[in-house]
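K.L.:
Take a look at the following structure, please.
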Amino acid sequence: MNIVLGACQEGSETLLHGEFGTYPPKGTRYALSLTQTELHIQRLVPKPDTDHRTVLRLIDVVGCHTKRSQTVANSSAFFCVYAYPLKKRKVAVGSSRSRQRVAKTFQVDSAEHYEDNLRVAEKWAVAIRCLVLGINISSETEISRSLLPRPRRLLLLLNPFGGKGNALQWCQNHILPMITEAEVSFNLIQTERQNHARELVQSISLAEWDGIVAISGDGLLYEVINGLMERPDWEEAIKMPLGILPCGSGNAVAAAVNLNAGFEQTLGQELLTSCTLLLCHGAVSPLDLVSVTTLSGSRSFSFLSVAWGFISDVDIESEKYRHMGSARFTLGTMVRLASLNTYRGRLSFLPAPDCAGHRPILRSITMASNGSLPFQRTPLHRTVSDMGLCEERRTFCYRGLDPGDETTPSPSSPPSSSSFPAPSFSFETLSENLMADGKDSREGKLALPSPAVSPTTRQMRGPPDNFLVPLDQPVPKSWVTVEDDFVLVLAIYQTHLGADLYTAPFAYFNDGLIHLAYVKAGISRAALIRLFLAMEKGTHFEQACPHVTCIPVRAFRIEPLTQKGIITVDGERVEYGPIQGQIHHGVANLITGINPVKISKF
Ligand SMILES: Nc1ncnc2c1ncn2[C@@H]1O[C@H](COP(=O)(O)OP(=O)(O)OP(=O)(O)O)[C@@H](O)[C@H]1O
């Protein structure tokens, strides 16, 4: 019987081809073709159906098992493919797409003996699982079980009180069945109190696990990361692949993982199914962490954001609406908008030089190389666009600082109103300037700022903060400082701030960047609402709002000058006062399920 191989994606090699029956047996027979990315299923009997074929994308597949008939006399072997493709479903108005489980069982019956049929069924099951796990195979590969790694062992940590409190139910109904189909073995532990997960991961034997997965919101992942960083063997421990299955109200990292796979932005159980699917695929991406230090000397590792002002206010004040799930942030935003606060403070940052290769921003201002006011004549100047403000994404761009920005110096710098030349420097020039700033002229050698280690932080583990100086000292001269009234300051290093807040579309897990955004006082409520509404789709940068600035940086410091306020790190409240952080490039590992090289295929 003929099947049209041309029906497979152009250029994609057919790895396996065969003709099988189905289970339950209804006399139907199918021709199957397996390519690197798809399983093509074409009906042959009773009626060849050349126009209609089913294509299962392997990105939607979690696993494939072989089975035997319960009737001993039956010499057939079976293989069953488990997939969660997007299917249309009717909703109140129109239709939407959701992932629905599909289990397709094929009967291998061409040989007389069961063992021979089993060999064929196993070959298909192994090939499909290799492709799901990203193991390279070609039509030349001798396909055998030895290609597969041993089943992964995951430590699942579940916060029963995360989000609306249905993590356990979702875990039983959705997560466990899927990971069982993927042949992942696991231990599930429910956390009993705050910091339970943090303590647990401090004492686990790393060799026993292939990954730790937080079934929760972002808060539990924060505990896991910091627990691992508190271990004496933190360097090895933090390499443990970490996963997140969204069952909280703040599911930012899950949304970023979902986006990375090229999946549609989604929420709730749909997001959970997508993330569980990706967990089953198992690929791991390096993840940047930001070490965050507060004035009291406490140091923690953050994977998501540091927020001050509007965003942290909403986050913490909306705790009381926790029962609403992620809708708590929408309500919190409305409440906070009604009494919009501004906060005076000093924001300093070390611009990231790497973006200089990108196109420059729309406009720029010039500031002194010591990061102070652009009023004094100093031998070295640079423009903000040279410092890495850039268009580093597909459809939108960073805003430059306002020409009218009050970019303040350290208190000692006398302001002057003189206009001054605005030379533009290349990236190389900027790098030299940064180096010159860090050079100790007396000794003639390059002096990096001494790491921000206070007596308290000396006990902390983790990589040293080479960009930072202690919080009680002025920032290094190569930094830029802006003193103003802010509506919000946000240092973010993931694409999402919440599952439906696509805040930094240009961010990537290990881009080595902190995306520092701030909104200055003067923005109207209407503009702020527009900004947050557009953030759902990630189009807020297209609004060209003059009060909004976003800059890629390596390190930052926030010094509130307003007495009261809220600062959060990854959505968790920390002491209010000066706080600073710096990026540590790719120190952790996140289970993203698929690496970006593969995305283009799907
Ligand atoms: N069993 C528990 N009882 C109480 N608190 C817990 C428990 N387990 C974890 N926590 C804490 O609950 C907080 C919120 O957890 P999680 O992120 O999982 O849920 P969430 O609903 O998304 O909350 P948020 O969005 O505020 O982070 C975390 O700070 C975590 O330390």
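The values are calculated or read from the model by the stated rules, or taken from the named source; none is laboratory data. On a predicted model such as this, the values are computed, not experimentally measured, just so you know. Note: ideal-geometry Cβ built from the backbone for every residue, glycine included; neighbour counts use all protein chains shown.
K.L.:
Just wondering, is there one or more residues in the stretch 146-154 that are within 16 Å of the ligand (Cβ to nearest atom) and in contact with a helix residue (DSSP H, G or I) (Cβ under 8 Å, 6 or more places away or on another chain)?
P.N.:
Looking through the stretch 146-154, none of the residues is within 16 Å of the ligand (Cβ to nearest atom) and in contact with a helix residue (DSSP H, G or I) (Cβ under 8 Å, 6 or more places away or on another chain).
K.L.:
Give the residues of the stretch 184-202 that are surrounded by fewer than 17 Cβ atoms within 10 Å (Cβ to Cβ) and more than 16 Å from the ligand (Cβ to nearest atom), sorted by residue number.
P.N.:
If the condition is that a residue be surrounded by fewer than 17 Cβ atoms within 10 Å (Cβ to Cβ) and more than 16 Å from the ligand (Cβ to nearest atom), then S185, N187 are the ones that fit.
K.L.:
Moving on. Consider the stretch 274-321. How many of its residues are among the polar types (S, T, N, Q), buried (at least 24 other Cβ atoms within 10 Å of the Cβ) and either under 26 Å from V184 (Cβ atoms) or out of contact with any Pro (no Cβ under 9 Å at 6 or more places or on another chain) (or both)?
P.N.:
Residues that pass the stated criteria total 5.
K.L.:
Here is a follow-up. Do we have C275 as assigned to a helix (DSSP H, G or I) and either at pLDDT below 95 or within 16 Å of the ligand (Cβ to nearest atom) (or both) here?
P.N.:
Criteria met by C275.
K.L.:
Wholly within the stretch 203-264, which helices (runs of 4 or more DSSP H) include no fewer than the required count, namely at least 2 residues that are free of Cβ contacts under 8 Å to residues at least 60 places away in the same chain and within 16 Å of the ligand (Cβ to nearest atom)?
P.N.:
Counting at least 2 such residues, we get 218-229.
K.L.:
Just to be sure, is E559 assigned to a strand (DSSP E or B), surrounded by fewer than 23 Cβ atoms within 10 Å (Cβ to Cβ) and over 15 Å from the mean Cα position of the chain (by Cα)?
P.N.:
Criteria met by E559.
K.L.:
Residues K537, K564, K520: which one is more than 16 Å from the ligand (Cβ to nearest atom), closer than 30 Å to T37 by Cα and among the charged types (D, E, K, R)?
P.N.:
K537
K.L.:
Is there any pair linking a residue in the stretch 270-295 that is farther than 30 Å from E559 by Cβ to one that is at pLDDT 95 or above and of a type in the set (D, E), with Cβ under 8 Å and at least six apart or on different chains, and which?
P.N.:
Within 8 Å, the pairs are L277/D60; C280/E181.
K.L.:
Separate question: Restricting attention to the stretch 295-346, report how many residues are among the small types (G, A, S), within 16 Å of the ligand (Cβ to nearest atom) and assigned to a strand (DSSP E or B).
P.N.:
Looking only at that region, the number is 4.
K.L.:
What are the residues in the stretch 218-249 that are over 18 Å from R461 (Cα atoms) and over 13 Å from the mean Cα position of the chain (by Cα), if any?
P.N.:
Within the stretch 218-249, G219, L220, P241, C247, G248, S249 qualify.
K.L.:
On the given criteria, is S249 touching a Ser or Thr at 6+ places or on another chain (Cβ under 8 Å) and over 20 Å from F186 (Cα atoms)?
P.N.:
yes
K.L.:
Please state which one of I128, I135 is assigned by the TED database to the domain that holds T66, of a type in the set (V, I, T), more than 16 Å from the ligand (Cβ to nearest atom) and in a loop (DSSP other than H, G, I, E, B).
P.N.:
Of the residues listed, the single one that is assigned by the TED database to the domain that holds T66, of a type in the set (V, I, T), more than 16 Å from the ligand (Cβ to nearest atom) and in a loop (DSSP other than H, G, I, E, B) is I135.
One line per residue, one yes/no per condition, for (1) of a type outside the set (A, V, I, L, M, F, W, C); (2) within 17 Å of T333 (Cβ to Cβ):
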| residue | (1), (2) |
| --- | --- |
| G498 | yes, yes |
| T503 | yes, yes |
| A507 | no, no |
| L513 | no, no |
| A521 | no, no |
| S524 | yes, yes |
| V548 | no, yes |
| G577 | yes, no |
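K.L.:
Right, another one. Quick one: would you say L176 is surrounded by fewer than 16 Cβ atoms within 10 Å (Cβ to Cβ), at pLDDT 95 or above and away from the ligand (no atom under 16 Å from the Cβ)?
P.N.:
No: the conditions fail for L176.
K.L.:
Would you confirm whether any residue within the stretch 140-148 is farther than 19 Å from T66 by Cβ, free of Cβ contacts under 8 Å to residues at least 12 places away in the same chain and part of a helix (DSSP H, G or I)?
P.N.:
no
K.L.:
Additional query: Note down all Cβ pairs under 8 Å where the first residue falls in the stretch 311-324 and is more than 17 Å from Y518 (Cβ to Cβ) and not assigned by the TED database to the domain that holds F486, the second is more than 9 Å from the ligand (Cβ to nearest atom) and assigned to a helix (DSSP H, G or I), and they're at least six residues apart or on different chains.
P.N.:
Matching pairs, first to second residue: none at all.
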